[in-house]
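Engineer: I'd like to ask you about the structure that follows.
Quick note: the coordinates plus some simple rules give every number you see, no bench work behind them. It should be emphasised that the depicted structure is a prediction, and the values quoted were computed from it without experimental measurement. Positions of Cβ are backbone-derived with ideal geometry, glycine not excepted, and every protein chain shown enters the neighbour counts.
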Amino acid sequence: MKLASFEIAGRSSYGIVSGEGVIDAGSRFGANFPDLLSVISAGALNRLDALAAETKPDHALKDVRLLKPIARPGKILCVGVNYADRNAEYKDSSDQPKYLSLFVRFPDSLVAHEEPIVRPPESKQLDYEGEIALVIGRAGRRINEADAMAHVAGYTICNEGTIRDWLRHGKFNVTPGKNFEHSGALGPWIVTGDELGPGPMRIITRVNGEVRQDDTTDHMLFSMPALLSYISRFCTLQPGDVVVTGTPTGAGARFDPPKYLVPGDVVEIEVPGIGTLRNPVIDEQG
């Protein structure tokens with residue numbers, strides 16, 4: 001299933017994307033499940049599956065405004081330097097990492113599909129990073145790798161936008177550069193694993209139609225199960241948490257000269273089987 005949160009006629013809801021339409025689950029489930037997170041938290045995705053099997057779309061997809069799939073994730077945990085060639089991009093002669101690198105993002109740092117990504121006045125170094133994100137569906141602590149993917153409700157796409165020079169304001173501190181408001185994006189929807197099938201997933205990032213990133217998840221240094229197992233050693237993963245799994249080579253900072261985003265640019269991140277996350281770039285107003 002493709003599960004979307006959306007707005008239509010001033011009303012927020014959620015449902016199932018079916019072809020070029022959307023089945024409005026929120027209007028049917030009402031107060032019992034007021035949003036998509038409540039369905040995921042209750043382990044009730046089977047209710048949506050049953051609805052999809054017997055119901056025609058209520059709205060054309062073009063008539064709704066897609067929102068972030070999970071409006072307020074409990075935790076957004078992001079993995080850095082997780083593709084085989086990314087460590088070499090840093091040109092610091094370091095060995096491949098033994099442990100994964102982690103940082104957090106705040107919900108307000110991410111916008112929805114088709115919403116503008118905002119370049120702040122503090123920097124001209126707004127960069128893109130195309131990534132696959134996991135949405136947690138079942139709580140777990142100290143999860144074994146063999147069981148890890150059973151804790152995942154589905155997959156979405158993240159533009160893990162970064163203000164590059166603000167990553168280096170402190171010796172070990174990347175938090176400011178990763179959390180400028182509206183500097184990244186999440187969406188367009190969540191896709192459950194049964195729609196994706198086996199094999200590696202592909203990530204393609206385009207800026208104004210130019211391919212900048214193109215890689216597959218079999219080149220990850222730490223697999224998705226390994227990420228969830230490691231993270232859950234120190235914190236409990238909860239339904240609605242989001243784990244962003246790392247970006248391939250080709251971010252704007254790695255070109256010579258760098259290719260940072262400017263107002264008027266359009267960033268598209270495509271993951272076949274999930275869809276395409278598209279965002280224009282603007283300067284912050286006021």
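Engineer: Under a crude label model (7 Å from the Cα following the beta-carbon direction), how far is residue 223 from residue 142 in nanometres?
Structural biologist: So the two model labels end up 2.2 nm from each other.
Engineer: Want the number for residue 285 to residue 84: 0.36 nm per residue separation, take away the alpha-carbon distance, what's left?
Structural biologist: 68.5 nm
Engineer: Let me ask another. Grab the Cα-Cα distance for residue 202 and residue 60, subtract it from 0.36 nm times how many residues apart they are, and report the gain in nm with one decimal.
Structural biologist: Full extension from residue 202 to residue 60 adds 48.3 nm.
Engineer: A follow-up question, please. Based on C-alpha coordinates, I'd like the Rg and Dmax of the chain, in Å.
Structural biologist: Using the Cα atoms of the chain, the pair Rg, Dmax is 18.4, 57 Å.
Engineer: Once you put a point 7 Å from the Cα of residue 266 and another 7 Å from the Cα of residue 47, both along the Cβ direction, what distance in nm separates them?
Structural biologist: Result: 3.8 nm between the two label points.
Engineer: Which FRET efficiency value, to the nearest 0.05, do you get for residue 31 and residue 210 by plugging their Cβ-Cβ distance into 1/(1 + (r/R0)^6) with R0 = 51 Å?
Structural biologist: Efficiency, from the Cβ-Cβ distance: 0.60.
Engineer: Could you work out how far apart the two model spin labels at residue 8 and residue 20 are, taking each label as a point 7 Å from the Cα in the direction of the beta carbon, and quote it in nm?
Structural biologist: Placing both labels 7 Å beyond Cα along the Cβ direction yields 1.5 nm.
Engineer: Taking H as built 1.01 Å from N, whose amide H comes closer than 5 Å to the amide H of residue 284, not counting residues under 5 places away?
Structural biologist: 119
Engineer: If you don't mind, another one. For segment 1-38 and segment 214-230, compute the distance between their C-alpha centroids and round to whole Å.
Structural biologist: 30
Engineer: Hey, another quick one. Leaving out same-chain residues fewer than 8 places away, which lysines sit with a Cα under 26 Å from that of residue 2?
Structural biologist: The qualifying lysines are 56, 62, 68, 75.
Engineer: List the residues whose amide H sits under 5 Å from the amide H of residue 189, counting only those 5 or more places along or on another chain, with H placed 1.01 Å from N in the peptide plane.
Structural biologist: Here 157 satisfy the definition.
Engineer: Let me ask something else. Per DSSP H run of at least 4 residues, take -39500 (n - 2.57); add these up for the chain, divide by its residues and hand me the 222 nm value, nearest 500 deg cm²/dmol. Please list the in-between numbers first.
Structural biologist: Values: 5 runs with 35 residues, N = 286.
Result for the chain, helices only: -3000 deg cm²/dmol.
Engineer: Below 12 angstrom from the Cβ of residue 70, what's the summed charge of the other residues (Lys, Arg +1; Asp, Glu -1)?
Structural biologist: On the way: positive: 68, 72, 75; negative: 35, 241.
Once positives and negatives cancel, what remains is +1.
Engineer: For a quick check, take a GNM of the chain with Cα springs below 10 Å and name the residue from 33, 255, 106 with the largest mean-square fluctuation.
Structural biologist: 255
Engineer: Here is a further query. How large is the charge dipole for the chain, taken about the Cα centre, if only the Cβ atoms of Lys, Arg (+1) and Asp, Glu (-1) carry charge, to the nearest 20 debye?
Structural biologist: It works out to roughly 700 debye.
Engineer: Further, regarding this structure: Under a Cβ-Cβ cut-off of 12 Å, what is the net charge of the residues other than residue 57 that fall near it, where Lys and Arg count +1 and Asp and Glu count -1? Display every interim value, and only then the final one.
Structural biologist: Details: positive: 2, 56, 62; negative: 20, 24, 58, 63.
Value of the local net charge: -1.
Engineer: Residue separation times 0.36 nm, minus the C-alpha to C-alpha distance between residue 169 and residue 71: what's the value?
Structural biologist: Contour length minus the Cα-Cα distance gives 32.3 nm.
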